[in-house]
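Readers should treat all values here as calculations from the given coordinates under stated rules, not as data from a laboratory. Quantities reported herein were computed from a predicted structural model and do not represent experimental measurements. Positions of Cβ are backbone-derived with ideal geometry, glycine not excepted, and every protein chain shown enters the neighbour counts.
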Amino acid sequence: MATETPPPAKEQHRLPSPEEFAEVQQSAEFGELRRSYRSFAFPLTVGFITWYLLYVLLSNYAGDFMGTKVVGNINMALVLGLAQFLTTFLIAWWYARRAATELDPRAEAIKSRMEAGA
């Protein structure tokens, strides 16, 4: 006869009040978390949009340059187009790595304190 272990009890989390949310939002710790996120995400977003628009403008107005053969039938348009995908994945990987090591632990600490009522 096998004995079954009961499922783990769900943790009960206290819901913070709107006043507590407002208080945390005004805290220095939350402000630093927000600054850390913005100082990383906003420059990368602006940089990527600029890079994307440069590609579009080159495609429209620099046809000779974009048609330049690099190797065989591979031209600059294809190389730069594929580089768009590469930079997208690199930025996503870099953000996920930074969020996991720097942002998420700090956000989890704030969340835990709020749920605990501290």
Contour excess over end-to-end distance, with Cα ends at residue 57 and residue 84 and 0.36 nm allotted per residue: 8.3 nm
Mean separation of Cα contacts under 8 Å, 6 or more apart, over the residue count of the chain: relative contact order %: 39 percent
Calculated on alpha-carbon atoms, Rg and Dmax of the chain in Å: 24.1, 79
Once exposed loop trypsin sites (Lys or Arg not before Pro) are cut out (DSSP; at most 10 other Cβ, 10 Å), longest piece of the chain: 15-118
